[in-house]
Structure formats: C-alpha cells, structure tokens
Amino acid sequence: MKKILQIGTKGQLGWELLRTCAPLGEVVALDYPDVDLSNSTGLRELVRSVKPDIIMNAAAYTNVDKAESEPELARAINATGPGVLAEEAKKIHAVLVHYSTDYVFDGTKGSPYVETDQPNPLNVYGQTKLEGEQAIAASGCVNLVLRTSWVYSMRQGGFVTKVLQWAREQEVMRVVDDQISSPTSARLLAEISALILAKIDGNDISWTEERSGVFHVAGDGACSRFEWAEKIIELDPRKEEQVVKKLERASSSEFLVPAVRPMISVLNNAKLEKMFGLRLPPWEVGLRLTII
Ligand SMILES: NC(=O)c1ccc[n+]([C@@H]2O[C@H](COP(=O)([O-])OP(=O)(O)OC[C@H]3O[C@@H](n4cnc5c(N)ncnc54)[C@H](OP(=O)(O)O)[C@@H]3O)[C@@H](O)[C@H]2O)c1
C-alpha cells in the first residue's frame with residue numbers, strides 16, 4: 001500500500017481526491033492553515049515527518065482576478081511552494097502529483113494545445129502556475145503535472161453552481177460566448193488521478209520515472225461558456241425551480257475584470273491516453289454524471 005501526503009482537502013479537487021485516493025493506502029491529508037504552501041520551512045518539515053511515497057498537491061492560489069493585485073502571494077503559493085515540495089520529493093524518492101492550468105497558454109493557437117506547445121500566460125495566475133511547473137521540472141523529482149481547465153464541482157462556488165443559482169434568479173441571463181475551453185469535473189479529475197496512481201508500483205520508481213512530466217487532462221471536446229451554461233440549464237435536475245426564460249450571448253469585453261483570460265485554451269488529451277490508457281469522457285457526459 002502507498003503512503004500519500006495530500007495537500008488541499010477543502011477545495012473542489014481536494015475534496016474529491018479524499019474519496020478517490022482513500023482506497024490506495026494511507027492518506028495523510030491537510031488543508032490551510034494546517035499546511036501553508038507559502039511557508040517553505042513548514043512544508044519541508046511536513047514532508048520529512050510524513051515520509052510519503054506520493055505527494056498530491058491539490059491546493060493553489062486560484063482566484064484569477066485577485067492574483068493581479070497579490071502577485072507575490074500567488075507566486076509563493078503557486079510557484080515557490082510546489083518547488084519546495086518537488087525538492088523534498090526528490091530527496092525521499094517520492095512522486096509529486098501536481099495540477100496546473102490551461103491559463104499557461106495565451107489562447108491564440110487556434111487548435112487544441114499539446115504539452116510541447118510554448119506557454120505564454122496572459123495573467124498573474126497563469127504566470128505563477130507556469131513558474132510552479134518550471135520549479136518542479138528543475139528539481140528533477142519524479143512528477144506528474146496534470147494541466148486541466150474549467151474545473152467545476154457541485155460542492156461550492158464554481159461556474160456550474162453559479163449558473164444553477166442565476167437560473168433561479170434571472171429571467172434573462174447573459175453569458176460570454178467568446179471564451180472557449182473544456183469543462184472538467186473535479187470528481188472525474190480526481191478519479192482519473194487515482195487511476196493513474198493505482199498503476200504506480202511503489203517498488204518500481206523507474207516505471208513512473210519514464211512517465212514523469214506534464215500531461216493535459218480535461219473534459220473531452222470544447223465549448224464556450226455560453227454553451228456550457230446552456231447545457232447546465234438543460235441538465236438541471238430541478239428545472240421546475242428555474243425562472244430563466246432567455247439565455248443571451250455576451251462578449252468578454254462587456255465584463256470588466258482585472259485579469260485577461262485566454263480566448264481559446266482547449267487542451268489536447270492524447271498524450272495521457274497514449275501513456276496511461278485513460279481519458280476523461282466528453283465534457284457533456286462529465287457534466288451529466290456530475291450534476292445529477
Ligand atoms: N478551478 C479551475 O477552474 C481550475 C482550472 C485549471 C486548473 N486548476 C488547478 O486545479 C487545482 C485544483 O483547483 P480547485 O478548483 O480545486 O481549487 P480551489 O477549489 O480554489 O481549492 C484550492 C485550495 O487551496 C487552498 N489554499 C489556498 N491557499 C493556500 C495555502 N497558502 N496553503 C495551502 N492551501 C491553500 C484553498 O484554501 P482556502 O479555500 O482556505 O483558500 C483551497 O482549499 C489547482 O492547482 C488549480 O490551479 C483549476
């Protein structure tokens with residue numbers, strides 16, 4: 001059995017990982033403030049005391065707009081902290097599983113991004129997540145960096161729960177139609193992560209070493225936020241509570257927010273499928289499986 005140190009238990013993904021990783025072995029799971037990614041000394045002490053086979057980092061500074069005014073805190077949490085975890089993982093031959101984002105790209109490619117495409121983040125969040133990826137790679141530890149996009153869960157404040165709420169409050173809803181990516185269920189992302197980890201043989205680090213690096217893992221296919229909202233409203237299990245009568249297409253320029261977002265940041269998941277024989281279902285299927 002594996003010993004897993006899970007950092008982040010209360011966020012969308014962390015909550016789901018608690019369930020899906022439980023059958024893999026002994027899980028030591030902590031969230032802020034019991035673990036603070038911006039406290040390097042504390043992180044080192046934690047890893048040295050737990051001595052895990054696998055470190056899973058589901059925590060991050062994820063407020064994309066607020067990061068524009070708190071770049072140093074975002075950097076400490078998204079770049080420095082993961083770099084420290086990677087250095088400690090290297091020392092004890094642990095595998096580091098970490099999550100990154102489609103926002104490392106600028107969204108101008110015009111077709112789904114592969115892992116070898118050149119990142120060019122447009123905002124502080126994307127920049128600090130990219131720096132985290134780079135710090136992990138520089139450490140030389142065995143790692144799985146899973147880049148994902150538009151993560152949602154039914155548990156708290158993400159896009160799906162917001163749309164369900166707006167549909168109960170607004171007769172006319174305006175949703176941006178010019179941002180395109182792939183909605184990813186936190187539950188399915190946790191499940192695919194656990195399936196990858198289940199393949200790791202603790203006695204054969206070379207198996208994971210050969211597969212170390214960045215992988216794109218997002219719901220299959222792509223849509224605009226408008227199309228996503230349309231599907232959420234259609235699949236709402238309690239439709240009778242909706243008051244919404246009309247969904248209107250809007251442009252990102254109508255909503256003034258601090259952080260610039262990439263317009264088309266769809267990820268190509270082929271490398272993961274080829275390497276591990278695993279893939280997430282089409283985003284609509286993921287939504288149907290999650291929303292009910
Ligand atoms: N959400 C998305 O759309 C999306 C898209 C692409 C990639 N990702 C990546 O996917 C991963 C999981 O995202 P998510 O949506 O599950 O995030 P989330 O729901 O925002 O959860 C992030 C967690 O990190 C914790 N945290 C914040 N600062 C911390 C610190 N200094 N030390 C320790 N923990 C801290 C948060 O605690 P508090 O709640 O107390 O702050 C929260 O529990 C992240 O790496 C994220 O960058 C997310």
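Here are the numbers:
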item	result
Segments classed as helices (runs of 4 or more DSSP H), wholly inside segment 142-231, with at least 2 members that are within 23 Å of THR9 (Cβ to Cβ), touching a residue at least 12 places away in the same chain (Cβ under 8 Å) and in contact with a Lys or Arg (Cβ under 8 Å, 6 or more places away or on another chain)	186-199
Residue under evaluation GLY81, criteria (1) buried (at least 16 other Cβ atoms within 10 Å of the Cβ); (2) within 11 Å of the ligand (Cβ to nearest atom); (3) more than 18 Å from the chain's Cα centre (by Cα), criterion not met	(3)
Hits in segment 234-272 (condition: basic (Lys, Arg) and either surrounded by 12 or more Cβ atoms within 10 Å (Cβ to Cβ) or touching a Leu at 6+ places or on another chain (Cβ under 9 Å) (or both))	ARG238, ARG249, ARG261, LYS271
Pairs with Cβ under 8 Å, 6+ apart, first in segment 14-36 and of a type in the set (Asp, Glu) and part of a helix (DSSP H, G or I), second at pLDDT 95 or above and more than 9 Å from the ligand (Cβ to nearest atom)	GLU16/ARG187; GLU16/ALA190; GLU16/GLU191
Hey, SER49 more than 13 Å from the ligand (Cβ to nearest atom), assigned to a helix (DSSP H, G or I), among the small types (Gly, Ala, Ser) and modelled with pLDDT of 95 or more or not	yes
Residues satisfying the stated conditions in segment 1-38, i.e. within 6 Å of the ligand (Cβ to nearest atom) and charged (D, E, K, R)	LYS10, ASP31, ASP36
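The values are calculated or read from the model by the stated rules, or taken from the named source; none is laboratory data. Quick caveat: nothing in here was measured; it's all calculated off a predicted structure. No Cβ is skipped: glycine too gets one built from the backbone with ideal geometry, and neighbour counts run over all protein chains shown.
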